[in-house]
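Structure first, then comments.
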Amino acid sequence: DGGITQSPKYLFRKEGQNVTLSCEQNLNHDAMYWYRQDPGQGLRLIYYSQIVNDFQKGDIAEGYSVSREKKESFPLTVTSAQKNPTAFYLCASSIDHRTYNEQFFGPGTRLTVL
Amino acid sequence: DQQVKQNSPSLSVQEGRISILNCDYTNSMFDYFLWYKKYPAEGPTFLISISSIKDKNEDGRFTVFLNKSAKHLSLHIVPSQPGDSAVYFCAATGYNNNDMRFGAGTRLTVKP
């Protein structure tokens, strides 16, 4: 049963702490993406990776970091440098980075910084 | 800057009637458009798409219309069913998936 898993579903952290959000896919997709969703706004791209060991900044990469050591995994670290980290985070993957390949999304992680 | 806009945050229709969700975009370089559907506590799932060489694409009860001159697309659901109640996101992209831009979503409620 292929898909994308994100854990945890809800995450609470104190201000100033780094936190890592997990994203795993077993779809054998080359490309993976991290998006952030805030109320009343569309999904905004944080980072993307077209292939293992490669990743690029999206529109709002400041305060975030990623790694892509394995094809299946694309964890996102929200650092203390991110000014407003409370948001809903979605991970996605696609066969490759080209258009006409739909993106498959995970269920998301809601991060709340107290 | 919001290159893809869904100006109606919510829409309510009666079961069996038509639902029309609208989306406007500003970037003339977009040439592929998608609609995603999202249920609570789940990630968005792909619903239907259209490329800029077409003005209509149909899949069962779902039809997407594209008006390139107006930079406008719409999703028609006929007939609407209670199970269609969800948030619908419009998305647009050029050559690469990493350039995809999403609208803020429209919450559709279909009343029995």
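Annotations
- Pairs of Lys in chain B closer than 23 Å at Cα, counting only those 8 or more apart or on different chains: 17
- Here the label points at B:H72 and B:T26, each 7 Å from Cα along the C-beta direction, are separated by 1.8 nm in the simple model.
- Placing unit charges on the Cβ atoms only, positive for Lys and Arg and negative for Asp and Glu, gives the protein assembly as shown a dipole magnitude near 520 debye about its Cα centre.
- Contact with the other protein chains removes 40 Å² or more of accessible area, compared with the isolated chain and a 1.4 Å probe, from these residues of segment A:73-114: A:H97, A:T99, A:Y100, A:E102, A:Q103, A:F105.
- The residues of segment A:70-114 present an accessible area of 42 Å² per residue when probed at 1.4 Å with all protein chains retained.
- Residues of segment B:13-37 whose accessible area (probe 1.4 Å, heavy atoms of protein chains only) drops by at least 40 Å² once all protein chains are present, relative to their chain alone: B:Y32, B:Y36.
- Chain B: most fluctuating residue of B:K68, B:K38, B:K54 per GNM, C-alpha cutoff 10 Å: B:K54
- Treating r as the C-beta distance of A:K83 and A:T20 and R0 as 22 Å, the FRET efficiency rounds to 0.75.
- Only one residue of A:Y64, A:H29, A:Q17 has its Cα farthest out toward the positive end of the dipole of chain A, where Lys and Arg carry +1 and Asp and Glu -1 on Cβ, and that residue is A:Q17.
- 1.4 Å probe, heavy atoms, protein only - residues of segment B:83-101 losing at least 20 Å² accessible area vs chain alone: B:F89, B:Y95, B:N96, B:N97, B:N98, B:M100, B:R101
- Sites B:Q81 and A:E69 - FRET efficiency at Förster radius 45 Å, r taken between beta-carbons, to 0.05: 0.55
- The protein assembly as shown, accessible surface, carbon-and-sulfur percent (1.4 angstrom probe): 48 percent
- DSSP-defined antiparallel bridges as percent of all bridges, chain B, nearest 5: 90 percent
- Springs between Cα atoms under 10 Å define the GNM used for chain A, and in it the highest mean-square fluctuation of A:A61, A:A92, A:A81 occurs at A:A81.
- Computed from phi, the 3J(HN,Hα) profile of segment B:44-58 under the Karplus parametrisation 6.51, -1.76, 1.60 (θ = phi - 60°) reads x, 10, 5, 10, 7, 9, 8, 9, 6, 7, 10, 10, 7, 9, 10 Hz, with x in place of Gly and Pro.
- Dipole magnitude of chain B, debye to nearest 20 (Cβ charges: Lys/Arg +1, Asp/Glu -1, about Cα centre): 200 debye
- Chain B - accessible surface per residue (Å², probe 1.4 Å): 47 Å²
- Taking label points 7 Å from Cα along the Cα-to-Cβ direction, B:I53 and A:T112 give a separation of 5.0 nm.
- Accessible surface buried upon A-B contact (total; probe 1.4 Å; Å², nearest 100): 1900 Å²
- Cα-projected label distance for B:E42 with A:F12, points at 7 Å along beta-carbon direction, nm: 2.8 nm
- For chain A, share of DSSP beta bridges that run antiparallel, in % to the nearest 5: 90 percent
- Build a GNM of chain A with springs between Cα atoms under 10 Å apart, and of A:P85, A:P75, A:P39 the one that fluctuates most is A:P39.
The values are calculated or read from the model by the stated rules, or taken from the named source; none is laboratory data. On a predicted model such as this, the values are computed, not experimentally measured, just so you know. Cβ: placed from backbone, ideal geometry, glycine included. Neighbour counts: every protein chain shown. Ligands, DNA and RNA are excluded from the accessible area calculation, which covers all protein heavy atoms including side chains. Shrake-Rupley method; radii C 1.70, N 1.55, O 1.52, S 1.80 Å.
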